[in-house]
Amino acid sequence: MPAMKRVQFSPYDRDISTEMAKRAQEQEETMQDQLKVTESGKGVKVQSEMPHLVSLGGGRLSTAVTLLPLPLGSTTIGTVQASRPQDIVLQGEGLEDEHCCILHSSDNRVVLHPVGRLCSIDGILVNRPTQLTQGCMLCLGTSTYLRFNHPTEAARMKSALPLTYHAVPATVYAT
């Protein structure tokens, strides 16, 4: 039986691994403090007071829905191959190693700063810092879709609506 080779990790590798584990733990603790999960009929309703992205998975075979918190400060988004650990690691066509950064400021504004070439908001390609608004759809690369939710902004928008507002009017189709 051949002898097993011992793998040596550089201090840089250990630092990245430790940093990624620390960030994952902090993110998990933050989400546990911020999430409210309730049963809603046959479904489950998940609410967060913190601005967040909702990922509908990594393709047609994915069965998960993932909430990605956007705490105050900077959140980097990229791939596992990035030279620096990314706060949110995604995979998909057209994603660059360090794809974008999202800044959540103390005045509760959330701004996308594209680094990669393919960042769009509601189907419009953006190449400079752009403020995100409640419900907008982000496409990173060519196939990674995320919905942006900003609970504070959504509550403000709802309070400005008339009490008789209906989100979707009933439509009757003739056959």
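The values are calculated or read from the model by the stated rules, or taken from the named source; none is laboratory data. Note that the coordinates shown come from a computational prediction; the quantities given were computed from them, not determined experimentally. Note: areas computed on protein heavy atoms with side chains; ligands, DNA, RNA excluded. Shrake-Rupley method; radii C 1.70, N 1.55, O 1.52, S 1.80 Å.
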Where a ≥ b ≥ c are the square roots of the eigenvalues of the C-alpha gyration tensor, would you call the range 102-157 rounded, which needs a/c under 1.5, or, failing that, prolate if a/b is larger than b/c, or oblate? oblate
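Leaving out ligands, DNA and RNA, what percent of the accessible area of the range 36-122 is carbon and sulfur, probe 1.4 Å?
On the way: 2660 of 5160 Å².
C and S atoms contribute 52 percent here.
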Suppose all protein chains stay in the model; what accessible area per residue would a 1.4 Å probe give for the range 51-165, in Å²? 58 Å²
Let me know the shape class of the range 42-116, please: from the alpha-carbon gyration tensor, a ≥ b ≥ c as square roots of the eigenvalues, rounded when a/c is under 1.5, otherwise prolate if a/b is greater than b/c, or oblate. oblate
